[in-house]
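Values in this text are rule-based calculations from the coordinates and carry no lab data. Predicted, not measured: the structure shown is a model, and the values here were computed from it. So basically every Cβ, Gly included, is an ideal-geometry build from the backbone, and we count neighbours across all protein chains shown.
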Amino acid sequence: MLPLNFSKKSLAHQVGNIGQRCQWIEGTWFTAREEGTEEMSYHEVTTLERFLDLVDDPNICGNFLDSKDVNSSPPTWMGPLLDLTTAWNQTMHLNFTKSKSRSKKKQSEINAQSNGLAMIRSGTWISQGWRLMSHPEFVTFPHYNRCGVCTYVIGNDGAKIWAVIRPKQGLSPKSLEGLSQVLVTAALLSPKDHFSDADIAMVCLERGDTMFQSPVALHCVYTPVPSVFSGGYFYNYETMHLTRAGLHMYFSKDDELTNDEQPGFH
């Protein structure tokens, strides 16, 4: 494994002022709550410097999910992947109106299928990137990202292990409600603590590694060592049906399987 650089000096270069206040999840508080009791807060508010100081405290297990990344999303080095110039030009120049000209030489529509539209050019939109800062031993519950778009994640320091959860092959729900139920079932643990209704792929990411994730990709994450990861979102023409499905499930039933609801545990 690559040497860790989870230090104040290193993080100051990434986030700027480590004296800024941040709200993070305290995993030990979450696991200490009793079933059936009134809901209690499992968030802590400290400075980012204090969060870093607590990394060696065995009684604390923190996860700072909402750190903002000031870099535009997607990053510059993804340009060759996202900026398919031909596809972009075809998208811009599509004309679906009927031509008033009687000339057979003039086409009213450009055939955009030959080169296959794939990505939406990153320069057309800017979204706020994010950064994950985690103490060791933190685990998130199975969830999918509620924004409904493709995700990229980059290892800055430390390591994280992704468990990518896929419903068993052969399941073909005919509706979004059916898809939602399939995901719920796939995320459930059996009495023996197994994901019996899903196939699991384990992916270990270290510093310098990059992973791409499609919309509505069910996953949970384990952090074995102090870690800093960054990432963001992008659109893909080929996955728009998943984008629609994910947003529909989230807004129609406030889906509890999204990252908006799942705090994780220690």
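Taking R0 as 25 Å, what's the FRET efficiency between Ala32 and Asp53 from their Cβ-Cβ distance, rounded to 0.05? Spell out each step's value before the answer.
Details: r = 22 Å, r/R0 = 0.87.
The value I calculate is 0.70.
Per residue, the average separation of C-alpha pairs within less than 8 Å and at least 6 apart gives region 117-237 a relative contact order of 53 percent.
Shape call for region 147-251 from the C-alpha gyration tensor, a ≥ b ≥ c root eigenvalues: rounded (a/c under 1.5), prolate (a/b greater than b/c) or oblate? Numbers along the way, then the final one.
On the way: a/c = 2.52, a/b = 1.28, b/c = 1.96.
The shape class here is oblate.
Each other residue within a Cβ distance under 12 Å of Phe195 adds +1 if Lys or Arg and -1 if Asp or Glu, for a net charge of 0.
If R0 is 22 Å, what FRET efficiency do you get for Cys204 and His43 from their C-beta distance, rounded to 0.05?
Details: r = 28 Å, r/R0 = 1.29.
Once the sixth-power term is evaluated, E becomes 0.20.
For Phe251 and Asp193, a Förster radius of 41 Å and the Cβ-Cβ distance give a FRET efficiency of 0.80, rounded to the nearest 0.05.
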